[in-house]
1. Toward the positive end of the charge dipole of the chain, about the Cα centre and with charges on Cβ (Lys, Arg +1; Asp, Glu -1), which of LEU254, PRO308, ASN240 goes farthest?
2. Report ³J(HN,Hα) in whole Hz for each residue of region 86-91, in order, from the Karplus equation J = 6.51 cos²θ - 1.76 cosθ + 1.60 where θ = phi - 60°; Gly and Pro get x.
3. Using the alpha-carbon atoms, what tilt in degrees (0 to 90, nearest 10) does helix 142-153 show relative to the longest principal axis of the chain?
4. Rounded to a whole number, what is D in µm²/s for region 1-142 from Stokes-Einstein with the Kirkwood radius over alpha-carbon pairs (37 °C, 0.692 mPa s)?
5. Can you divide the C-alpha Rg of the chain by 2.2 N^0.38 Å and report the result to two decimal places?
6. Sort SER210, SER190 by accessible area with a 1.4 Å probe, largest first.
7. Charges only on Cβ, +1 for Lys and Arg, -1 for Asp and Glu: so what's the dipole of the chain about the Cα centre, in debye to the nearest 20?
8. List, in order, the whole-Hz ³J(HN,Hα) value for each residue of region 311-320 obtained from phi through the Karplus relation with A = 6.51, B = -1.76, C = 1.60 and θ = phi - 60°; use x for Gly and Pro.
Amino acid sequence: MVGEMYRETWVEINLDAIKHNITQIKEILPQETNIIAVVKANAYGHGMVSVAKKALESGATALAVAILEEAMILREASINAPILVLGYVPAKHAPLAARHNITLPIFQKKWLEELNQYQFEHPLNTHIKLDTGMGRIGIRSTDELINLIKEIDNNKNIQLTGIFTHFATADEKELVFYEEQIKRLEELLSIFKQHYTKDVTVHIGNSAASLRFPESMHNSIRFGISMYGLYPSNDVRAENRVELLPAFSLHSRLVHVKKIAKGDSISYGRTYIAEKDEWIGTVPIGYGDGWSRHLQGMSVLVNGRRMPIVGRICMDQLMIRLDEEIVIGTKVTLIGEQGNEIIEMDEVADYLDTINYEVPCMINERVPRIYVENGKNSRGEIKNPKL
Ligand SMILES: Cc1ncc(COP(=O)(O)O)c(C=O)c1O
């Protein structure tokens, strides 16, 4: 049947960890600061609808996504909370966003003018995006801002409900540029307030800024990576502001175990030749699942011990060197804990010379997400991390 899991390779998402991480940030934020849960890119690979529901249940009051498609999926899942799209949406799709009460960012006069070509059944909620130094999208100058406010005032299809910016270096040790962005923000906000007197919500902080400067986050934070239990950088992690719990772990099982002789080779290109007789296990996961070929040599956990990936990673399978004969069916953990050992997302990211954000996004939809909530997984089985 479609949707069944016939291959035992899966991602486990611990929804209790999502709740824990939201509770942790709430403890350091002023009571009046709200949480917008950032669930773009399939909730950083964790599964957008399940994470969004859990985040709202755990105290987040709104959601943010990158593209309109993601917002529509949330609405189709009967999620009625406010949703903000962070990225550019072509003006021709603004009426659809308005119909579904989805908030769009606004940062171009031309875009606003284009809206006039379309019919709106409901006014469109918008938040002005300021570019205070990220250099991506947003209003940069005071003149642009004043002009945009004038246009917004004259446009009956638009309802301005917020203004926001995004930091480029909030996770770094050196905070000079962060402070420059704050200064620029304050200048632009003061111009904004002179020209627009209605109340709007102001949100500026990603995980790094919220963890480090919880008192100065204005009305809401946009909480992404740390909601998933990961730190935005080693510098922020070292500051130890909150205790996060990673929600994502990746598992499979041994499907074949064999003894090879000294001189035998493993996988394409014969990049691995056994130096002595040894046990080799085959695991059904590969780059077709998003487990990159660059992870050759990285460890996985079996029976609570580290075993290396040997030979080239194939599209659907990889091989590991076992330290003894191990029973077929034994659980293999590629990210997560077994016994006293752990392979953290950060370790995989370092191995790939990337950031932890990219790793869960890399594991694609071929790998089913199994949710654990209140200690039980979505198949009703009691979760036992030792299995
Ligand atoms: C505009 C914007 N706000 C907030 C976030 C969340 O950032 P983080 O995951 O570092 O908390 C992102 C993520 O990249 C973003 O692009």
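The values are calculated or read from the model by the stated rules, or taken from the named source; none is laboratory data. Given the structure is predicted, the values throughout are model-derived calculations rather than measurements. Methodologically, a virtual Cβ is constructed for each residue, glycine included, from the backbone with ideal geometry; neighbour enumeration extends over all protein chains shown. All accessible areas refer to the heavy atoms of the entire protein, side chains included, with ligands and DNA or RNA removed. Shrake-Rupley method; radii C 1.70, N 1.55, O 1.52, S 1.80 Å.
1. LEU254
2. The phi angles translate into 8, x, 5, 10, x, 3 Hz.
3. Tilt of helix 142-153: around 80 degrees.
4. This corresponds to a translational diffusion coefficient of 194 µm²/s.
5. Ratio of Rg to 2.2 N^0.38 Å for the chain: 1.13.
6. SER190, SER210
7. On the way: 43 positive and 50 negative charges, 153 e Å.
Its charge dipole is roughly 740 debye.
8. Once θ is set to phi - 60°, the couplings for region 311-320 become x, 5, 6, 8, 5, 10, 8, 9, 10, 10 Hz.
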